[in-house]
1. Identify the residue in the range 26-37 that is modelled with pLDDT of 75 or more and out of contact with any helix residue (DSSP H, G or I) (no Cβ under 7 Å at 6 or more places or on another chain) and, among all such residues, is surrounded by the most Cβ atoms within 10 Å (Cβ to Cβ).
2. Is it true that T272 is surrounded by fewer than 23 Cβ atoms within 10 Å (Cβ to Cβ) and part of a helix (DSSP H, G or I)?
3. Just to verify a result, which residue in the range 85-100, among those that are within 11 Å of A67 (Cα to Cα) and buried (at least 16 other Cβ atoms within 10 Å of the Cβ), is modelled with the highest pLDDT?
4. Among the listed residues G66, G110, which satisfies the condition of being assigned to a helix (DSSP H, G or I) and either among the aromatic types (F, W, Y) or within 19 Å of the chain's Cα centre (by Cα) (or both)?
5. Residue check, L219 against (1) in a loop (DSSP other than H, G, I, E, B); (2) within 17 Å of D333 (Cβ to Cβ), all met but one. Which one?
6. Among L257, L236, which is more than 27 Å from E138 (Cα to Cα) and crowded, with 22+ Cβ neighbours inside 10 Å?
7. Only one of (1) among the small types (G, A, S); (2) within 20 Å of G168 (Cα to Cα); (3) in contact with a helix residue (DSSP H, G or I) (Cβ under 6 Å, 6 or more places away or on another chain) fails for A303. Which number is that?
Amino acid sequence: MSTAASPTSPTSPSSPTSLAPGSGRGITPPDSTVVRAGTLSWLFPYRSALAAVGLGVLIALITALGAFASSTGMSFGDTLKGLMGTGDRATVMLVQDFRLPRIAVGLMVGAALGISGCLTQTLAGNRLATPDVIGVNEGATAAVVASVVGSSTGMIGDWWLGPLGAVGAAVLVVLCAGGAGGRGYRLLVVGIGVSTVIGAVTDLVMSRENDNTAGGVFLWTVGSLSGRDWTVGTPLLAVLIVLVPLALVAGSRLQLLRFDDDMASTLGVNLTVVRAATLALAVALAGVAVGIGGPIAFVALAAPVIAGRLGGPTRVPVIGSALVGAALIGAADALGRVVAPVEIPVGVITSVLGGPFLLWVLFGTSRPASGKA
């Protein structure tokens, strides 16, 4: 049997299944329809598909605006010439070698954070259980910051230190919480405590460094895409190519974990394996994203919630969360380059916008959902 509804689960079913329009038999989720071809049939999630198409168009528009957005005063015509490669050499270099790679890296970082947040929220059964709340992002940040101790240049260390720090923090949180499954609130509370301690240690390390090093590191620690190009974009793309399909598989298994453990086990789910694999995927995605873009706040929290509202409550919105996360980072980065004479880091923009969103999540009316917290 299934457990009672809980308002904290981000993507759980909230309405009974209904007869598929025109199917005449069987039951389907209310946001899907049965597609038949001879003896074959499958469910087509039309609401999720429409949301994905709309988000794809939005991301295309954000990419175009991001290429144009700048505090340097470059005109739209010059930007277009730079995109087409027909402008002067300096314009083409600025647009194609600096802006476009930065935009692409930002979209991928947002997708990684969105998927990571979706997995952790669904795994813990709590909307607040995201990588930046339960200590994963702080662990990745601490590892990268530690690499500049004693440096006189203030240059950030290699991006791969982020995943290593994220794994260390995640292991500590899980051990202290007594496991990752069935203890949503405990995982959240322990994660907040670990995050606070690691953050304090990171601040202490930075306070002991010289002004040049501390100033260079500070910009990254608030979340920034400044200077990001294909040297970090290429490995990030490779990581996403490997991990996103695995996250889709994990999402399909998490569908069943929203019932109680006995029901999930009856349906053939190995609870220990699914929970461990899901957490490992979420930590890896968050660690890579933080290692490249810094600890950009609130994207992992907001993306799954928005994606769940757009795509419907009957599925774990892995793809939707990736698209929403990409759109949020792309829009915030473009906004940060035009709202002030000096560029505002993308993490500052997301934090400003994320505060009211967090209050809405905490105090707003959420649809009922099944799961545990």
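1. V34
2. It is true that T272 is surrounded by fewer than 23 Cβ atoms within 10 Å (Cβ to Cβ) and part of a helix (DSSP H, G or I).
3. Within the range 85-100, the match that is modelled with the highest pLDDT is L100.
4. G110
5. Only one criterion in (1) in a loop (DSSP other than H, G, I, E, B); (2) within 17 Å of D333 (Cβ to Cβ) is unmet by L219, namely (1).
6. The match here is L257.
7. The number of the failed condition is (2).
Residues checked against (1) crowded, with 20+ Cβ neighbours inside 10 Å; (2) out of contact with any Gly (no Cβ under 6 Å at 6 or more places or on another chain); (3) at pLDDT below 85; (4) under 16 Å from V144 (Cα atoms):
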| position | (1), (2), (3), (4) |
| --- | --- |
| V174 | yes, yes, no, no |
| G178 | no, yes, yes, no |
| G182 | no, yes, yes, no |
| V201 | no, yes, no, yes |
| D211 | no, yes, yes, no |
| W220 | yes, no, yes, yes |
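The values are calculated or read from the model by the stated rules, or taken from the named source; none is laboratory data. The structure presented is a predicted model; accordingly, all values stated were derived computationally and were not measured. Every residue, glycine among them, receives a Cβ derived from its backbone with ideal geometry; neighbour counts consider all protein chains shown.
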